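Visitor: Would you mind keeping the following structure in view while I ask a few things?
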Amino acid sequence: MILQADFYNDDACEVAKKLLGKVIRRKYKNLWLAAQIIETEAYYLSEKGSHSSLGKTDKRMAMFMPPGTLYMYYARGHDSCNISVKGEGNAVLLKSGIPFADKLSSKEGFRVMQQLNPQNNGQPRALGKLCAGQTLLCRSLNLKVSQWDQQAFDPDEFYIDDINNRPEKIIQTTRLGIPPGRDEHKPYRFIDLQHARYCTSNPLSKRNKPDYTIISLTG
């Protein structure tokens, strides 16, 4: 089931959690590429970690547009994808995923995603690392700032699909890349525990483990 705009009309942290397990589908040369979302981050206008806290500008306009609007920007020169949610200036970052295949999106798409996102030496990137980060995810799915910023999802080209998959447990922890003094302590990052080894940076594997909580979604 394609997620509609009302799905995103909710609190940023709630949307970030609800997106875990959903599938991003992107049509590329008549082939549907897909990645299951395993990591997200929430951002609010009211906290300094968010781009929107720096003010409403043409560049950040998507964060102030209706829920379900795509906010894409360049992170260290590479494409990154967010979705506006309830409340002006609030959004959720699609942080990482894992390649996904079913009747609509075949495993042939994995090879195409590897071609779109090779290693620096030109060799194929391992499937487990293919979408392990916000820019890797966008590169693997051919999502571009120039095409999708300030746009709505398009069921013919790019959408998020609810496949009735809900993680049993998730990790809640601090976001990555937030500069000191900009609310870096906020626990607004969410990870599907089952696939934590494939996320951007697995908090469970760190020697000096950051603060985190494991939340059960069952029962």
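Visitor: Going by the conditions given, is THR218 β-branched (Val, Ile, Thr), touching a Pro at 6+ places or on another chain (Cβ under 6 Å) and at pLDDT below 95?
Guide: No: the conditions fail for THR218.
Visitor: On to the next question. Quick check on the range 24-43: of everything there that is within 16 Å of the chain's Cα centre (by Cα) and more than 23 Å from PRO203 (Cα to Cα), which residue is surrounded by the fewest Cβ atoms within 10 Å (Cβ to Cβ)?
Guide: Filtering the range 24-43 for residues that are within 16 Å of the chain's Cα centre (by Cα) and more than 23 Å from PRO203 (Cα to Cα), the one surrounded by the fewest Cβ atoms within 10 Å (Cβ to Cβ) comes out as ARG26.
Visitor: Can you find even one residue in the range 44-53 that is outside any strand (DSSP E or B), surrounded by fewer than 20 Cβ atoms within 10 Å (Cβ to Cβ) and hydrophobic (A, V, I, L, M, F, W, C)?
Guide: yes
Visitor: Same structure again: Looking at (1) assigned to a strand (DSSP E or B); (2) touching a Pro at 6+ places or on another chain (Cβ under 7 Å); (3) closer than 22 Å to PRO187 by Cα, which one does ALA35 not meet, given that it meets all the others?
Guide: Of everything listed in (1) assigned to a strand (DSSP E or B); (2) touching a Pro at 6+ places or on another chain (Cβ under 7 Å); (3) closer than 22 Å to PRO187 by Cα, ALA35 misses just condition (3).
Visitor: Additional query: Is at least one residue of the range 72-84 more than 21 Å from LEU143 (Cα to Cα) and either surrounded by fewer than 22 Cβ atoms within 10 Å (Cβ to Cβ) or touching a Phe, Trp or Tyr at 6+ places or on another chain (Cβ under 6 Å) (or both)?
Guide: At the first step, the residues of the range 72-84 found to be more than 21 Å from LEU143 (Cα to Cα) are none.
No: zero hits.
Visitor: Something else now. With respect to SER46, determine if the residue is polar (S, T, N, Q), at pLDDT below 95 and closer than 27 Å to ALA196 by Cβ.
Guide: no
Visitor: Related question: Which one is surrounded by the most Cβ atoms within 10 Å (Cβ to Cβ) among residues in the range 173-211 that are part of a loop (DSSP other than H, G, I, E, B) and among the hydrophobic types (A, V, I, L, M, F, W, C)?
Guide: This residue is CYS199.
Visitor: Okay, next question. Would you pick out the residues in the range 165-192 that are among the acidic types (Asp, Glu) and either more than 16 Å from the chain's Cα centre (by Cα) or over 18 Å from ALA132 (Cα atoms) (or both)?
Guide: Residues of the range 165-192 that are among the acidic types (Asp, Glu), as a first pass: 168, 183-184, 192.
Answer for the range 165-192, where residues must be among the acidic types (Asp, Glu) and either more than 16 Å from the chain's Cα centre (by Cα) or over 18 Å from ALA132 (Cα atoms) (or both): GLU168, ASP183, GLU184.
Visitor: Just checking, which of ILE170, ILE214 is β-branched (Val, Ile, Thr), buried (at least 16 other Cβ atoms within 10 Å of the Cβ) and either free of Cβ contacts under 8 Å to residues at least 40 places away in the same chain or in contact with a strand residue (DSSP E or B) (Cβ under 8 Å, 6 or more places away or on another chain) (or both)?
Guide: Going through ILE170, ILE214 in turn, just one is β-branched (Val, Ile, Thr), buried (at least 16 other Cβ atoms within 10 Å of the Cβ) and either free of Cβ contacts under 8 Å to residues at least 40 places away in the same chain or in contact with a strand residue (DSSP E or B) (Cβ under 8 Å, 6 or more places away or on another chain) (or both): ILE170.
Visitor: Related question: Quick one: would you say GLU14 is among the charged types (D, E, K, R), touching a residue at least 60 places away in the same chain (Cβ under 8 Å), out of contact with any Cys (no Cβ under 9 Å at 6 or more places or on another chain) and under 22 Å from ARG182 (Cα atoms)?
Guide: no
Visitor: Can you tell me which residue among GLY109, GLY133, GLY87 is crowded, with 20+ Cβ neighbours inside 10 Å and on the phi > 0 side of the Ramachandran plot?
Guide: Answer to the check: GLY133.
Visitor: Right, next: Could you grab me the full set of residues in the range 142-158 that are assigned to a helix (DSSP H, G or I) and of a type in the set (Phe, Trp, Tyr)?
Guide: Answer for the range 142-158, where residues must be assigned to a helix (DSSP H, G or I) and of a type in the set (Phe, Trp, Tyr): just TRP148.
The values are calculated or read from the model by the stated rules, or taken from the named source; none is laboratory data. Bear in mind that the values here come from a model prediction, so they are computed numbers and not experimental data. Cβ: placed from backbone, ideal geometry, glycine included. Neighbour counts: every protein chain shown.
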